[in-house]
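Remarks on the structure that follows.
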Amino acid sequence: MTQVQQVVLDGAGGIVVAEAAVPAPGAGEVLIKVGATGICGTDVHLLTGHYAAGRYPLVPGHEFAGHIAGVGAGVVGLREGQLVAADPNLSCGTCRLCRMGAPNLCENARALGINLPGSCAEYVVAPAHVVIPLPETLDAATGALIEPLSCVLNAVGRAPGWQDTVMVVIGAGCIGLLATAVAGRLGAAEVHVVEPHAVRRDRALDLGARGAQEGVEALGLADSVDLVVDASGHQGAITAAIPLLRKRGRMIQMGVTHPETMIPVSSYTLYAKELTYLGANSCGTSFAPAAEMMVDLADQVRPLVTHTFALDDYAEAVAAMRAPDAVKVQIA
């Protein structure tokens with residue numbers, strides 16, 4: 001086989017499924033036959049060109065797993081046939097933020113599926129140091145959930161201590177539902193979810209949420225919450241959730257908002273309650289821990305893959321993400 005198929009975006013809404021030569025792994029690289037690739041909101045922004053880091057023409061896809069099809073010179077500890085996942089984020093390791101332990105904020109960041117060829121293709125090449133072997137008890141579809149799980153664990157790292165907390169998760173898409181599952185695993189006392197779509201609220205309850213409501217006010221939890229995780233990026237919900245926080249309460253902003261979105265916060269309340277409002281962006285250093293945790297969470301979270309499409313049907317897959325019952329759409 002000399003030619004393979006791959007999705008190519010032009011940054012103006014155009015999608016082409018094109019043929020290309022099978023990529024060859026260079027020194028220190030691994031060739032992966034892609035088994036499953038998740039589509040997320042970032043991919044939608046890349047499709048329309050509304051993602052500043054995108055470089056076109058672009059092969060998208062950054063949530064993936066598959067089997068090693070070849071290894072380059074100097075690669076050790078990895079072999080053909082292994083099921084693997086890969087952290088798509090490639091940091092320089094030397095800039096100020098990398099030295100601070102924040103490679104997700106690297107000043108020289110590159111990423112598979114963002115400005116390097118990604119996994120919406122039959123094969124993808126990744127540096128060996130970001131490739132993680134997975135046990136054969138997992139499958140590629142579950143392995144492709146490791147990347148969004150790692151984003152949740154990065155949030156845990158930004159605001160540790162979820163045990164015994166009363167939590168609210170805003171948004172029951174893939175990230176919010178994974179956060180619900182992680183909260184249960186880490187021993188949260190109560191997890192309440194806010195989500196407008198009933199089918200997603202039901203999924204949150206299946207993952208252990210104590211309650212799930214259509215709106216923040218319906219929770220009835222004013223001044224009684226330790227931790228809010230926003231996975232929606234919805235200005236109104238975020239604003240309404242701040243009064244839920246009791247003294248020393250924390251809010252983690254994971255949902256992506258429009259760059260000009262402003263959230264009104266009472267500076268006096270921030271002072272009087274000693275509140276913390278912080279962001280959690282991408283994976284950080286959490287990809288390997290997420291791969292380890294996925295072994296135990298797999299049975300719980302595998303049903304989050306609600307729609308699967310062929311590579312040729314990428315446009316239909318993106319459209320399917322708008323459906324209320326869609327949680328994680330994958331290409332496989």
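The values are calculated or read from the model by the stated rules, or taken from the named source; none is laboratory data. These numbers come from a predicted model, not from an experiment. When we count neighbours, we look across all protein chains shown, and the Cβ atoms used for this are built from the backbone with ideal geometry, even at glycine.
Within the stretch 217-265, being modelled with pLDDT under 95 and more than 25 Å from the chain's Cα centre (by Cα) holds for 264, 265.
Can you pull out the residues in the stretch 104-158 that are in contact with a Lys or Arg (Cβ under 9 Å, 6 or more places away or on another chain) and among the small types (Gly, Ala, Ser)? Within the stretch 104-158, 141, 144 qualify. Residue pairs whose Cβ atoms lie under 9 Å apart, separated by 6 or more positions or on different chains, with the first residue in the stretch 196-213 and touching a residue at least 12 places away in the same chain (Cβ under 8 Å) and the second hydroxyl-bearing (Ser, Thr, Tyr) and in a helix (DSSP H, G or I), are 203/180; 204/180; 207/180; 208/180; 209/180. Selection of strands (runs of 3 or more DSSP E) fully inside the stretch 183-230 by the criterion of at least 2 residues being among the β-branched types (Val, Ile, Thr) returns 190-194, 225-230. Might you let me know whether the stretch 234-252 holds any residue that is surrounded by fewer than 20 Cβ atoms within 10 Å (Cβ to Cβ) and on the phi > 0 side of the Ramachandran plot? Yes, the conditions are met somewhere in the stretch 234-252. Test residue 142 against the stated conditions and say whether it is surrounded by fewer than 21 Cβ atoms within 10 Å (Cβ to Cβ) and either hydroxyl-bearing (Ser, Thr, Tyr) or assigned to a strand (DSSP E or B) (or both). Taking the combined requirement at face value, the residue does not satisfy it.
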